[in-house]
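All remarks here apply to the structure that follows.
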Amino acid sequence: MQSSFSLSLSSASPITGRSDGGATSTASDLFFSTTTAPSQLRFCGLRREAFSGCKSSNNALLLKQLRPSNKISASLSGNGTPSKGFDYDLVIIGAGVGGHGAALHAVEKGLKTAIIEGDVVGGTCVNRGCVPSKALLAVSGRMRELQNEHHMKSFGLQVAAAGYDRQGVADHAQNLATKIRNNLTNSMKSLGVDILTGVGTVVGPQKVKYGKVGGSETLITAKDIIIATGSVPFVPKGVEVDGKTVITSDHALKLETVPEWIVIVGSGYIGLEFSDVYTALGSEVTFVEALDQLMPGFDPEIGKLAQRVLINPRKIDYHTGVFATKITPARDGKPVTIELIDAKTKEPKDTLEVDAALIATGRAPFTQGLGLENVNVETQRGFIPVDERMRVIDSKGKLVPHLYCIGDANGKMMLAHAASAQGISVVEQVSGKDHVLNHLSIPAACFTHPEISMVGLTEPQAREKAEKEGFEISIAKTSFKANTKALAENEGEGIAKMIYRPDNGEILGVHIFGMHAADLIHEASNAIALGTRIQDIKYAVHAHPTLSEVIDELFKSAKVKSDVPSAVAEPVAV
Amino acid sequence: MKINEFGNASVDIIVSSISLVRTSPCGRLEHLLPRRPTILTPEKKSLAPLICLLRNRSKQSMMAQLLNSSFTPTSPCLRRQSMPSLTQPTSRKLQIQAKIREIFMPALSSTMTEGKIVSWVKSEGDKLSKGESVVVVESDKADMDVETFYDGYLAAIMVEEGGVAAVGSAIALLAETEDEIAQATSKAKEQSSSLSLSAAPSSPPPVETKIPDFVPVATVVKPATVTAVASTHPASDRGKRIVASPYAKKLAKELNIDLSGVVGSGPMGRIVAKDVEVAVVAGAAVAEPTKPPSVAPGIELGSVVPFTTMQGAVSRNMVESLGVPTFRVGYTITTDALDALYKKIKPKGVTMTALLAKATALALAKHPVVNSSCRDGKSFTYNSSINIAVAVAIDGGLITPVLQNADKVDIYSLSRKWKELVDKARAKQLQPQEYSTGTFTLSNLGMFGVDRFDAILPPGTGAIMAVGASEPTVVATKDGRIGMKSQMQVNVTADHRVIYGADLAQFLETLAKIIEDPKDLTF
């Protein structure tokens, strides 16, 4: 049993010869020649610390885990001693989830680390993003359930009319953000990371100054610098944000009002999540989407189904293929007005008059005032250009030594956990190990009810790649309707879809729409990260009855041509 | 999921036995079946009992498996049939001609008896090639793509999206060549009448006939809305554009209501869902001329009858009313004087309803709070006019024609107006502002001998008065004598968020005074 286990694991490992030498590394080297994994790509596993920014609980656990490493490190403070001639080994500008993840990993690697924050620790994710929005979505999920009379009746439950207290909901979101922020701050403090307050500016190679705007500034030197300044909500031209009736996600998360009718500009995951919150709290929603289809960016098939569940039956309508050219806040007794033009012909299409408008058109990098000109770096649409190792590229196309940029500011993948993974990858590099992050293994999730999650390529992307590189792809799908646990919860709506190579069993992408999809995706993302093939993972056992069987079914329904014999495949008499 | 579902009886039944085994929760059946797909040719049908056994063992999970496995494009074409149908595989085949084929509702699971068309992947006239997905069908278990087994053209769709059809019934026609499309279309029309019986919810013909019914109403109402309603949305370009909230639009589409005829009561005159529901209560009487009478004579006992749109709207309104904290105050009013007045002016065409409405309106004029309404729970509106809605039973339904400005219009005009409204209601020609603008509602069951009852407050209004029958009653007077007086009981249900007990008591006192001394009713 044991031998077969390690065999199937190692045979699928894409880990290259540069592996940091775990128990499986010798085995993986042996099998390396037989796998077709993209060489030189190695995924950096996200560890618990890296995720802590986006997790609500387990802080106590986190600290307990980290303390031992604190003792092991040679330095008195727990933070490392800096290299000669530098104040710090590593200075991180921006204490969001990316910076935090990098800082924790740097301390573990024995680097003397400082983190500069001009606002509050936690950045967008903790204060104005994933964290408070999850609090609101937790409320909306419950409201939706309690309000769904049919759903309750089918359980045999009787619930009197559910109501909510807006301030109570808003407080829940705020309290959660505060709690997570404190957790983050404490985790860094306890490790001895220097938290420097002020706006950080790069003044030259390996030199950073920080301080309050207009106040005194301090110059520090660092062997390596990571820029992790993140992003702010993107507000298109012509949109006047007043923070009351025309708002961005920053304002919306405070939930100061629940408008009767709100227009959400942009139907990406931010817009979708807010539509879920607002409709559950009684608002009616109109989406304005510039592209021809709602939910661009999602796999089209998933998008179609999601629209059938998340949009059509709810109090939501939409205008697609239109730009909102001018949005004026409500004033003098007039409602919020939104002028729409056709995205293609540019002709005026319609004018909406509503109670509020939420601008969810994406996020813009926050890279101003970083002193990039001092190191000859030009941003591209605000983003800092980097190579695949997050090394900053200057205007002549050359790498800037010792300067890295992670997270939303480089625009590679604007997700909190991606930033953290990039930060860890950079720390690996500066502490002497080459490392490249495989972005295709980073999952993403949209926390609507039910949730949407994805990892890797969408079907059109996979088809394009397959055509270019000359391989075949297949699609496997399973339905939540066939899952016992989902049916027990009366949540049979949803599908899981996998795009894979039938010739070698490589997973190219997995998309899930259904109950707890965000939690289910990791089996697939880990498989992609570790290079596990379908023919191997399909023999992994899942507890019955659980939602994870949806993914189990997905793997099992795939038809891989190369029949890899495996010891587990033989039935074992019990 | 791909299912080939064209009526070709010679298709072998292929069962992917791997999938049968997989989910059996106990895992004991692992060795029973071979791991390769088994082809159930007629010779191999002896395997059927085994499958049958499996089915009984863990029917649900097995079925789940069947569905899952066929999601993969490489999976064999399944033509799954429930066990009973194995014995009569050819009987349900309805091949018309060699060149025009029917696309059937496939049996996607053994328990499936009917399927819902989720969406048509192809539209009429599209060229289909073998193996392409044509339609997405929702069964009791999953949504699946149904693919074509032949090349050809999708000539006619017989069950629209959202429609339900029984397993084995034709849902579309496939023509082999372009020339045959027309032929197939006419065929489809022939069949659609019989089909609509089995696919009632989707049947397009009723929808079509509804539209001509409603269009005249819409065109007439449009200008009327603008002039009659002060609260027309400022953004509506003087009525050119309709401003309605997303849910209102959705409801209107669902309930087949023309929004141009709906009066908006939301912020800045915007049409909100409630307005559509109000409109549908009466509109349904307009839009569904045939349904109610057919129900009355032949009610099938024990049958489950889905709500008509009107019943649905009433139901929603009634449930919504539970969100309003109401209370009730009753009052006994002596009607001798009113009866006398009624007898006197009846020849001039005055009706009792008009008299009661008039009396109520005059009392409301003195107690504007009882004529107010609270919509958002944060504020309330003193309505500028007193519009008395009177509940009228009609064709098994309910409608509330409105006597507008009942306090200002004289009793004779009011009576004429009432007759006109009742006639219109019977002819189903009420226009939205004639049934949706009430600020206070009267419900009178006195004519049936009901002496007292209480009414449910229609959402969006402040109060409703339930009026019982006026009956001769033995009454003791203060001077110790016993006499006979005609008395009726009224019972007002009101929204306690804005109307308090004292308000109602004073209003009823005023009303009683007016009715007991009705000279003001005739000016």
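Going through (1) touching a residue at least 24 places away in the same chain (Cβ under 8 Å); (2) more than 11 Å from every other protein chain (Cβ to nearest Cβ) one by one, A:GLU549 falls short only on (2). Each residue in the stretch A:143-164 was checked for being open to solvent by 70 Å² or more (accessible area, probe 1.4 Å) and touching a Phe, Trp or Tyr at 6+ places or on another chain (Cβ under 9 Å), and 0 of them qualify. Scoring A:GLN368 on the criteria (1) more than 22 Å from A:TYR269 (Cα to Cα); (2) open to solvent by 50 Å² or more (accessible area, probe 1.4 Å); (3) in a strand (DSSP E or B); (4) not basic (Lys, Arg) leaves a single failure, condition (3). Does A:LEU440 fit the bill of being touching a residue at least 24 places away in the same chain (Cβ under 8 Å) and part of a strand (DSSP E or B)? Taking the combined requirement at face value, the residue does not satisfy it. In the stretch A:324-339, what residues are surrounded by 21 or more Cβ atoms within 10 Å (Cβ to Cβ) and either under 29 Å from the mean Cα position of the chain (by Cα) or in a strand (DSSP E or B) (or both)? Matches in the stretch A:324-339: A:ALA324, A:ILE327, A:VAL336, A:ILE338. Within the stretch A:479-495, if we keep just the residues that are of a type in the set (A, V, I, L, M, F, W, C) and facing chain B (nearest Cβ under 10 Å), the residue that is nearest to A:HIS151 (Cα to Cα) turns out to be A:LEU487.
Okay, residues lined up against (1) surrounded by fewer than 19 Cβ atoms within 10 Å (Cβ to Cβ); (2) in a helix (DSSP H, G or I):
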| site | (1), (2) |
| --- | --- |
| A:VAL131 | no, yes |
| A:ARG181 | no, yes |
| A:LEU184 | no, yes |
| A:MET188 | no, yes |
| A:VAL203 | yes, no |
| A:ILE220 | no, no |
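Considering each residue of the stretch A:266-286 in turn, at least one proves to be within 11 Å of chain B (Cβ to nearest Cβ), surrounded by 21 or more Cβ atoms within 10 Å (Cβ to Cβ) and within 28 Å of A:GLY407 (Cα to Cα).
Conditions tested, residue by residue: (1) over 29 Å from A:THR81 (Cα atoms); (2) hydrophobic (A, V, I, L, M, F, W, C).
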site: A:ASN127; (1), (2): yes, no
site: A:PRO132; (1), (2): yes, no
site: A:LEU157; (1), (2): yes, yes
site: A:GLN174; (1), (2): yes, no
site: A:THR178; (1), (2): yes, no
site: A:ILE195; (1), (2): no, yes
site: A:THR218; (1), (2): no, no
site: A:THR229; (1), (2): no, no
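Of the residues making up the stretch B:309-342, those that are closer than 30 Å to B:ALA505 by Cβ and either open to solvent by 40 Å² or more (accessible area, probe 1.4 Å) or part of a helix (DSSP H, G or I) (or both) number 20.
All conditions but one from (1) within 30 Å of A:ASP165 (Cα to Cα); (2) surrounded by fewer than 18 Cβ atoms within 10 Å (Cβ to Cβ) apply to B:LYS346; the one that does not is (1).
Each residue in the stretch A:308-317 was checked for being crowded, with 19+ Cβ neighbours inside 10 Å and either not acidic (Asp, Glu) or not in a strand (DSSP E or B) (or both), and 5 of them qualify. Is there a residue in the stretch A:496-513 that is within 14 Å of another protein chain (Cβ to nearest Cβ), over 23 Å from A:ARG463 (Cβ atoms) and not aliphatic (A, V, I, L, M)? No, because not a single residue in the stretch A:496-513 is within 14 Å of another protein chain (Cβ to nearest Cβ), over 23 Å from A:ARG463 (Cβ atoms) and not aliphatic (A, V, I, L, M).
Take the conditions (1) surrounded by fewer than 24 Cβ atoms within 10 Å (Cβ to Cβ); (2) modelled with pLDDT of 90 or more; (3) not hydroxyl-bearing (Ser, Thr, Tyr); B:ASN371 misses just one of them, which is (1).
Whether any residue in the stretch A:248-262 is within 14 Å of another protein chain (Cβ to nearest Cβ), of a type in the set (S, T, N, Q) and open to solvent by 30 Å² or more (accessible area, probe 1.4 Å) is what I want to check. I'd like the intermediate steps shown before the answer.
To start, the set of residues in the stretch A:248-262 that are within 14 Å of another protein chain (Cβ to nearest Cβ) comprises A:257-262.
Filter once more, keeping what is of a type in the set (S, T, N, Q): A:257.
Subsequent filtering for residues that are open to solvent by 30 Å² or more (accessible area, probe 1.4 Å) retains A:257.
Within the stretch A:248-262, one or more residues are within 14 Å of another protein chain (Cβ to nearest Cβ), of a type in the set (S, T, N, Q) and open to solvent by 30 Å² or more (accessible area, probe 1.4 Å).
If the condition is being at pLDDT below 90 and open to solvent by 10 Å² or more (accessible area, probe 1.4 Å), then the stretch B:392-406 contributes B:VAL392, B:ALA393, B:ILE394, B:ASP395, B:GLY396, B:GLY397, B:LEU398, B:THR400.
Determine whether the stretch B:266-281 contains at least one residue that is open to solvent by less than 40 Å² (accessible area, probe 1.4 Å), modelled with pLDDT under 55 and of a type outside the set (S, T, N, Q). Within the stretch B:266-281, none of the residues are open to solvent by less than 40 Å² (accessible area, probe 1.4 Å), modelled with pLDDT under 55 and of a type outside the set (S, T, N, Q). As a summary of the residue check, A:LYS561 satisfies the conditions (1) at pLDDT below 95; (2) within 18 Å of A:GLU301 (Cα to Cα); (3) of a type outside the set (Val, Ile, Thr) except for the one numbered (2).
The values are calculated or read from the model by the stated rules, or taken from the named source; none is laboratory data. These numbers come from a predicted model, not from an experiment. Virtual Cβ from ideal backbone geometry, glycine too; neighbours counted across all protein chains shown. For accessibility, only protein heavy atoms count, side chains too; no ligands or nucleic acids. Shrake-Rupley method; radii C 1.70, N 1.55, O 1.52, S 1.80 Å.
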